[in-house]
Amino acid sequence: MNTKSTAQAKQLKDIPFSILDLATVTEGSNISTALKNSLDIAKLADELGYNRFWLAEHHNMPGIASSATSVVIGHIAGGTKRIRVGSGGIMLPNHAPLVIAEQFGTLESLFPGRIDLGLGRAPGSDQLTSRALRRGPGSDGQDFPQRLEELQNYFHPTSTSSMQVHAYPGRDLDLPIWLLGSSGFSAELAGRKGLPFSFASHFAPDYLLPALDLYRTSFEPSEVLDKPYAMVALNAFVADTDEQAHYLSTSHKRQFLNMIRGRFGLMQPPVDELDWNMQEKAIVQNQLSYSVIGSPDSVREQLERFLAQTDADEFIMTTPIYDHQARLHSIKLLGELMNK
């Protein structure tokens, strides 16, 4: 597929914006405040016309409060009115498909037409935590296609299904299922099953374009979609000036720098200069290369460039900013770029 030639027909005003959240816990704060802040952000996004608000499943990370993802989705959906709320994603190898069908069947029953189920096959944790989650033999992600099929059958049993256990709530609900990925595995699977696909380019940019091409070329129409639908994840830091936005982005860069050094903690405040060597700087800058940073005018240009590169159908933004008010302002400025 010639991505650039098709991208020329799309304009930024036609691309929905969504938000990916991890309920980030900052230094000097706590988990309760992080969850309250997430609801504040979701309410603002709801008012501004963002399309989705997704939460990610991660475990054993003190700076992330969205580990009980289904619970937090209920918290967010209950405090908003219009915006779709979902998982970006649920790491399916960590769970029995029946449990996920029941949880999301419950959410969809409580908030009809507003729940998304995004699925990933990574553990969302380290090996020790994976064992603590009681991940049994064959649950290293290789059986993901089988687990996905089982999950789909709980929502809509096929005529060939021999399942004698049913999901209540869950059965017969039209709940959108997305596949998430950072490589070609889920891209090809999403294409073959005719499902929407979201790529984690906000931290794994290197395989984005090949994965999108693989998804589109392997796509087979389904009852869900008649053509591919690809959402691209970006880090977004928007402020009144370019300088201020780059300053705000240093908190996120510090997080990645700490991970490279084997440290996992709370989000730290921004700094004027980062204490990194040349190799660390190169790694962090590469991993975060799918980021938009700057004033609204600068960010618009960057988004238009990413749209031309990817031919995305939707952008989902993560906004890891230390100061809550600065993050709200960033989301407001970003939202104002929609429909212009």
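Details
- Any hit, the range 316-327, residues being more than 18 Å from the chain's Cα centre (by Cα), at pLDDT 95 or above and surrounded by fewer than 17 Cβ atoms within 10 Å (Cβ to Cβ): yes
- Of all residues in the range 328-340 being open to solvent by less than 20 Å² (accessible area, probe 1.4 Å) and assigned to a helix (DSSP H, G or I), the one that is farthest from Pro270 (Cα to Cα): Gly335
- You will find that of Leu179, Leu173, the residue that is over 24 Å from Gln302 (Cα atoms), modelled with pLDDT of 95 or more and assigned to a loop (DSSP other than H, G, I, E, B) is Leu173 and no other.
- Residue within the range 132-146 that is among the basic types (Lys, Arg), at pLDDT below 85, open to solvent by 50 Å² or more (accessible area, probe 1.4 Å) and outside any loop (DSSP other than H, G, I, E, B) present: no
- Within the range 78-110, being open to solvent by 40 Å² or more (accessible area, probe 1.4 Å) and under 24 Å from Asn51 (Cα atoms) holds for Gly78, Lys81, Arg82, Arg84, Gln103, Thr106, Ser109, Leu110.
- Test: residue in the range 69-77 that is closer than 23 Å to Ser186 by Cα and more than 16 Å from the chain's Cα centre (by Cα): no
The values are calculated or read from the model by the stated rules, or taken from the named source; none is laboratory data. Since the model is a prediction, treat every value here as computed from it, not as a measurement. Don't worry about glycine lacking a Cβ; one is built from the backbone with ideal geometry, like all the others, and counts go over all protein chains shown. Just the protein is used for accessible areas: all its heavy atoms, side chains included, with ligands, DNA and RNA removed. Shrake-Rupley method; radii C 1.70, N 1.55, O 1.52, S 1.80 Å.
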